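Participant: Take a look at this one; I'll ask things after.
The values are calculated or read from the model by the stated rules, or taken from the named source; none is laboratory data. For clarity, every value in this text was computed on a predicted model and none was experimentally measured. Cβ placement follows ideal geometry from the backbone for every residue including glycine, while neighbour counts extend to all protein chains displayed. Side chains included, ligands, DNA and RNA excluded: accessible areas come from the protein's heavy atoms. Shrake-Rupley method; radii C 1.70, N 1.55, O 1.52, S 1.80 Å.
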Amino acid sequence: MKTRKIILLLNLMIIISIAISCKKFVEVDGPNTSLNEANIYQKDATAAAVLTGIYTNLSNNFLTAGDLMSTSFVAGLSSDELVLYNTTNNTDLNSYYTNTLNSQSSIVFWSNIYTKLYIVNAAIKGISNSTTLNPTVKQQLLGEALFMRAFCFFYLVNLYGDVPLVLTTDYKVNASMTRTSKELVWEQIVKDLKDAQKMLSSNYLDATLLKITSEKVRPTRWSATALLARTYLYLKDWTN
């Protein structure tokens, strides 16, 4: 009888201990060696790697690769620069050719671009809030991120017209966001490019963002200037 009471008492203590400790178990911080949203923007190298990853993805992605499923091809169809001779067996391509595109097309850039925009918006937030980055690196990275956001919206607004102007990483906000008028999207593109112009280096920089290189990988001030000029052209803003 005494033994049973001891066992019951021990079991009760274990249950209470687990109940008290559960919250701590689920709130344990990640390993110091892992990269996460909290620490990736604390060091220059890891913060730069986020943007480098975007450029690496662009170089082998169907969105920008330059093949027959790239934006260069379908935009050429949409603008009548190219002719689609077989419209019967190419219904998806025909939607670009006849400007009847919708977000359900199997050759769709919508979700692909918005995936990139989430990463870019997260980078803008993380870089802006960082207090440990080298000021020169921080300025360059923020300029690159703003340039990439403008780049993404430039193609979205040209392909689809009114699109959700997603500027946050809050999934609750993004999930319920409706389309924004293309006029406001163009305004954001101009704003981001003007800000990027002020922040980006005039020279091509290496992975450290501190040394000039001949490798033309990262955006420069002239990249932002060129895209801004193209934006003004599309807006028929002849003066600018």
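Participant: Note the direction-averaged projected area, equal to a quarter of the hull surface, for the Cα convex hull of region 149-194, in nm². Don't jump to the answer; show the numbers that get you there.
Facilitator: Values: hull surface 12.0 nm².
Averaged projected area of region 149-194's Cα convex hull equals 3.0 nm².
Participant: Related question: Which order do the peptides 209-221, 78-90, 182-194, 226-238 come out in when sorted by mean C-beta neighbours inside 10 angstrom, highest first?
Facilitator: Details: 209-221: 15.1, 78-90: 10.9, 182-194: 17.5, 226-238: 13.5.
Ranked by mean Cβ neighbours within 10 Å, highest first: 182-194, 209-221, 226-238, 78-90.
Participant: Give the long-range amide H neighbours of Thr180: residues separated by 5 or more places, or on another chain, with amide H under 5 Å away, using H modelled in the peptide plane at 1.01 Å from N.
Facilitator: For Thr180, whose amide H was placed from the backbone, the distant partners under 5 Å are Val163, Leu165.
Participant: How large is log10 of I(q)/I(0) for region 100-240 at q = 0.09, 0.15, 0.17, 0.21 Å⁻¹ when the intensity is taken from the Debye formula with one equal scatterer per alpha-carbon?
Facilitator: -0.29, -0.79, -0.99, -1.31
Participant: Skip the ligands, DNA and RNA, and give the accessible area per residue of region 124-201 with a 1.4 Å probe, whole Å².
Facilitator: Numbers: 3580 Å² over 78 residues.
The answer is 46 Å² per residue.
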